[in-house]
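Below: one structure, written as structure tokens.
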Amino acid sequence: MTKVTNIVVAGLGGQGVLRGTDILAEVALGAGYDVKKSEIKGMSQRGGSVTGDVRFGDRVFSPMVPAGEADFLLVLEPTQVEPHRYMLRPEGVLITPDAVPADQLPSKKTLNVALLGALSAHLPMAEEQWLAALRAGFAETFFEGNRKAFLIGKGGQKSKVSSLKSKVPAGGEAA
Amino acid sequence: MNEPKRLLLSGDEAIALAARHAGVALGAGYPGTPSTEILEHFSELGGHAQWSPNEKVALEVTIGAAFGGARALCTMKHVGLNVASDPLFTAAYTGVSGALIVVSADDPGMASSQNEQDNRRYAVAAGVPMLEPSDSQEAYEFMFAAIELSERWKIPVLFRVTTRVCHSYTVVQPRAANGAPRPASFERDIRGRVMIPAYARPAHRRLRQKLAELQEWNETSPLNRIVEGGAELGVITSGISFMHVREAAPEARVLKLGFTHPLPLKKIAQFVKGVGRCEVIEEGDPYLVEAIRAAGIPVEGKADMYRFGELDVPRVRRILNNDLSPEPTKPPGKPPQLCDACQYRIVFEALRKQDCIVAGDIGCYTLGVLQPFEAIDSCVCMGASLGVGLGLRHVLPPNQARRVVSVIGDSTFVHSGISGLVEMVYNPPPNGHVLIILDNSTTAMTGHQEHPGTGRTLEHEPTGKVILEDLARSLGIRRVYVIEPHAGTGEFDRLLTDCLESNELAVIIARRPCILIAKQLKQYEDQRCECDAAKTAAPAPA
């Protein structure tokens, strides 16, 4: 069974959980992987919990990350960490708002992008691909702020990366 | 060499794209998660899409289009098919001239629904062919197959999807070119289209003949396929469950069914014979298991505990291992609630304060059932608030009956509250009744779609408008009030008290635009005023 990288992003409606999974999926697709993304968004507009799953690899079957098999869990809202912890592998990486210095971020709204930056340090996709996806995914006026937030998030992960990077397979075959 | 485009699309987006590529002339439906985005995307892609007052009307409109030889698409969620079931059953008898695809987007696990009914049963009950894609690529491809089947056998086709197919994004490589449909044209076929008993009796026989032919065709259809694997374990599956099976049991030989009514029973029997043990993996009702066993083919089905909720990879592993131990309970997420500034809060506070018995309905306002209000006592189906409230009023002792109130939203009211209002006038309870219509000028919970009460089409263009207060007055109801709820004034409370004490029929329309789209609504209204002003300024035709 070929290795699939499993990422879960969680938070509350309005925090940009699903926009974050859009960017992540776009980057993985552009890198040539098979990608599946799933979300439950029926209640997201009313401030309810929102979770998005992104899975990528040579071939992905189920669109949902099985419980206990997430390689990465990004949580935008502190109260949503414990309810989602069960999704994470024992050796999986948890990325929370603590991973980024909030006062350095251009705005609170860039937290999702900053956490993607932190995630990117663990994944094989090139920085340029991420930045291209950020540029395409938001209005041009937001790009500079997003770029800054992304790099702040990425920079904070340097010490944690080396032992984990080998667990993620490098680039997929282009279609 | 040009590589085919790789798009990451949701199942809904893929269905819309296929409809556009296949030249579907008309899409109609009613918003309902997880189907809503199909028509929205179809419209964005340039297709002619319409919201109907309810799913029954939507299906009737698309039946009409298909009678006219066009390709038509009707979309709804699972409970919506209950509303549309009347035309569906008889359309199977009449058949169609063009193509009619009816999308039923089911919600196993009830991410946002009142029940988790399994609409595969409708294909059997109504006698229509049914396709079930398992990802977005199949959702795209199967639409073309559905149209071909519909046109060849002149029969509506049930296109059955579920939340995880509709709202999961998977890779789609669209077709390079697509044939253009025949132009629409009316062909008289009185005995085929007018279902009086004399014509309906032979129509039924024709239907059974069509289904027999479809079953034979299905035995060799490319919509079903076998994934090779070991002979010890065979799995029969369909829809999203196929994806979970491939991951949970990669070594199994799998019969993936894509055309799931009428079933290819000979193919299934042959598959079962070739494996040591055969398990059927399906979400919801044991539809496949029952049909296969009824044909005398021995297969294993899941334990009853797995008919509740959606399946996923861990659950499929459990089913294959016959694991009946209690399943881990997931920690509850944060539930949704009414927006902080929502005007409905004022209404629910008043209902709670006056200790009303509230027959509620389906929409954002259903959240009034949660704390701190707990101000809804029943919610059954679209429009039920009227009938249930009236039924309570008819039987309860006066001191309780006088506190019964029906609460409904503007879109739900147009959907199926109007006939309930007629009931109120026609069979009035002895102590009167109070209906509160919560009018926020949109179909909010499903994502702010338009409806006949907003006076704007699906594309937000001005069109004919149902004026709720005029409608109520036209039924002879004297107490019809329009009020904008404001916090702190007590105005709404006083009006509610007056109506409850009057012992008469009353309709209170609590009207204020939904705060989430107040800005957009103002833009639409300004555009409408400009349009009207331009009309009055233009000289009258000579």
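Plainly put, chain A has a radius of gyration that is 0.93 times its Kirkwood radius, both from alpha-carbon atoms, as the Rg/Rh ratio. Within straight-line reach of B:Lys353, meaning a Cα separation under 12 Å, sit the following aspartates and glutamates at least 8 residues removed in sequence or on another chain: B:Glu374, B:Asp493. For a paramagnetic label modelled on B:Glu327 (point 7 Å from Cα along Cα→Cβ), amide N atoms under 20 Å away belong, within segment B:139-182, to B:161-168. Counting only alpha carbon atoms, the long axis of helix B:78-94 and the longest principal axis of chain B meet at about 60°. For A:Tyr33, the residues 5 or more places off, or on other chains, whose built amide H falls under 5 Å of its own are A:Gly172. Beta bridges from DSSP with both residues in chain A: antiparallel share about 65 percent, rounded to the nearest 5. Rounded to the nearest 10 degrees, the angle from helix B:55-67 to the longest Cα principal axis of chain B is 50 degrees. Per residue of peptide B:244-253, the mean number of Cβ atoms on other chains within 10 Å of the residue Cβ is 3.
Of all DSSP beta bridges confined to segment B:344-533, the antiparallel ones make up roughly 10%. Share of antiparallel DSSP beta bridges in chain B, in percent to the nearest 5? In chain B, DSSP labels about 15 percent of beta bridges as antiparallel. Only helices enter this figure: runs of n ≥ 4 DSSP H residues, each worth -39500 (n - 2.57), summed and divided by the residues of chain A, yield -10000 deg cm²/dmol at 222 nm to the nearest 500. By the Cβ distance rule of under 4.7 Å, chain B has these cysteines without a partner: B:Cys74, B:Cys166, B:Cys278, B:Cys356, B:Cys364, B:Cys379, B:Cys381, B:Cys499, B:Cys514, B:Cys529, B:Cys531.
Computed from Cα positions, the angle between helix B:136-153 and the longest principal axis of chain B comes to roughly 90 degrees. Net charge in the neighbourhood of B:Gly68 (other residues with Cβ under 15 Å of its Cβ; Lys, Arg +1, Asp, Glu -1) is +1.
Among B:Thr62, B:Thr90, which comes first, then next, by fewest other beta-carbon atoms within 10 Å?
Values: B:Thr62 34, B:Thr90 14.
In order of increasing Cβ crowding within 10 Å: B:Thr90, B:Thr62.
Taking the Cα centre of segment B:225-320 as origin and assigning +1 to Lys and Arg Cβ atoms and -1 to Asp and Glu Cβ atoms, the resulting dipole is close to 300 debye. Among A:Arg55, A:Arg46, A:Arg19, the largest mean-square fluctuation in a Gaussian network model of chain A (Cα springs under 10 Å) belongs to A:Arg46. Measuring between their Cα centroids, segment B:183-252 and segment B:29-56 lie 25 Å from each other. Note on B:39-51: average number of Cβ atoms from other chains within 10 Å of each residue's Cβ is 0.
Within a 10 angstrom radius of the beta carbon, how do B:Lys465, B:Lys5 rank from fewest other beta carbons to most? Walk me through the numbers before you get to the answer.
Working: B:Lys465 13, B:Lys5 10.
Arranged by neighbour count, lowest to highest, B:Lys465, B:Lys5 become B:Lys5, B:Lys465.
Placing unit charges on the Cβ atoms only, positive for Lys and Arg and negative for Asp and Glu, gives chain B a dipole magnitude near 1280 debye about its Cα centre.
Considering only A:Ala132, A:Pro90, A:Gln15, whose Cα is most displaced toward the positive end of the charge dipole of segment A:4-158, charges sitting on Cβ of Lys, Arg (+1) and Asp, Glu (-1)? Working it through, the farthest residue towards the positive pole turns out to be A:Gln15. Taking a sphere under 10 Å around the Cβ of B:Tyr30 and counting the other residues whose Cβ falls inside, with K and R at +1 and D and E at -1, yields a net charge of +1.
Efficiency by 1/(1 + (r/R0)^6): what FRET value for B:Ser419 and A:Arg85, r their Cβ-Cβ distance, R0 = 51 Å, to the nearest 0.05? Could the numbers behind the result be given before it?
Details: r = 49 Å, r/R0 = 0.96.
After rounding to 0.05, the efficiency reads 0.55.
When the C-alpha to C-alpha distance is required to be over 25 Å, the pairs from B:Lys56/B:Lys302; A:Lys37/B:Lys519; B:Lys273/B:Lys302; A:Lys36/B:Lys267; B:Lys154/B:Lys273; A:Lys3/B:Lys256 that qualify are B:Lys56/B:Lys302; A:Lys37/B:Lys519; A:Lys36/B:Lys267; B:Lys154/B:Lys273. Of the residues B:Ala212, B:Gly95, B:Ile292, the one whose Cα sits farthest toward the positive end of the charge dipole of chain B, with +1 on the Cβ of Lys and Arg and -1 on the Cβ of Asp and Glu, is B:Ala212. Taken along its three principal axes, the alpha carbon spread of chain B comes to 74, 72, 58 Å, from the longest extent down to the shortest.
Among A:Val65, A:Gly30, A:Gly47, whose Cα projects farthest towards the positive end of the dipole of segment A:21-86, with charges put on the beta-carbon of Lys, Arg (+1) and Asp, Glu (-1)? About the Cα centre, the residue reaching furthest to the positive side is A:Gly47.
Could you please rank B:His460, B:His204, B:His261, placing first whichever residue has the fewest other Cβ atoms within 10 Å of its Cβ? Before the final figure, lay out the partial values.
Values: B:His460 16, B:His204 13, B:His261 26.
Ranking B:His460, B:His204, B:His261 by Cβ neighbours within 10 Å, fewest first, gives B:His204, B:His460, B:His261.
Where the only charges are on Cβ atoms (+1 Lys, Arg; -1 Asp, Glu), what is the dipole of the protein assembly as shown about its Cα centre, to the nearest 20 debye? Before the final figure, lay out the partial values.
Working: 76 positive and 81 negative charges, 192 e Å.
Using only the charged Cβ atoms, the result is roughly 920 debye.
Just so you know, all these numbers are worked out from the coordinates, no wet-lab data involved. What you are looking at is a predicted structure, and each value in this text was computed from that prediction instead of being measured. Because the Cβ atoms are built from the backbone with ideal geometry, glycine has one as well, and the counts that use them run over all protein chains shown.
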